[in-house]
1. Could you please rank 38, 1, placing first whichever residue has the fewest other Cβ atoms within 10 Å of its Cβ?
2. Using only Cα atoms, find the angle between the long axis of helix 70-79 and the longest principal axis of the chain, and express it within 0 to 90 degrees, rounded to the nearest 10.
3. Would you kindly calculate the mean projected area, averaged across all directions, of the convex hull enclosing the Cα atoms of the range 21-104, in square nanometres?
4. For helix 12-24, what angle does its Cα long axis make with the longest principal axis of the chain, in degrees from 0 to 90 and rounded to 10?
5. Ignoring everything except DSSP H segments at least 4 long, calculate the 222 nm mean residue ellipticity for the chain; use -39,500 (n - 2.57) per segment, divide by total residues, nearest 500.
6. Taking every pair of alpha-carbon atoms in the range 1-48, what share in percent sits in each 5 Å bin, from 0 to the bin with the longest distance?
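Derivation of every value follows stated rules applied to the coordinates shown; laboratory data play no part. It should be emphasised that the depicted structure is a prediction, and the values quoted were computed from it without experimental measurement. No Cβ is skipped: glycine too gets one built from the backbone with ideal geometry, and neighbour counts run over all protein chains shown.
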């Protein structure tokens, strides 16, 4: 992706906070870490109710205060034929606004979520049994 160079003056306190967060995330490159933080802030601003969580070695969009990642809600929504009623039934502990935030994020950034859905679809029960035989129950 092409990039544009900008000069940016950052107050010392903000620089300390940015540097601390970038280091906490395990990023060694300050510019890359700052860009990631800016992108997450922009996306969260565009779709209120979405936060980013650390999972393994990546950051993922999630529905705030729900414990659910966006892809999980979208997968359920798609499996139900994009039915709001079925989605609400599937997640009774989550507000309709939270569910709408997940779908709004998907509509804003479909490629990201579709890529995750494709990765998840790869792991069928048969593939898990074949590639991860140690997950089988004894005698089963």
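1. Values: 38 11, 1 2.
Arranged by neighbour count, lowest to highest, 38, 1 become 1, 38.
2. The two axes meet at around 30 degrees.
3. Details: hull surface 23.1 nm².
Result: a mean projected hull area of 5.8 nm².
4. 30
5. Values: 7 runs with 80 residues, N = 140.
After summing the helix terms and dividing by residue count, I get -17500 deg cm²/dmol.
6. 4, 18, 24, 26, 20, 7, 0
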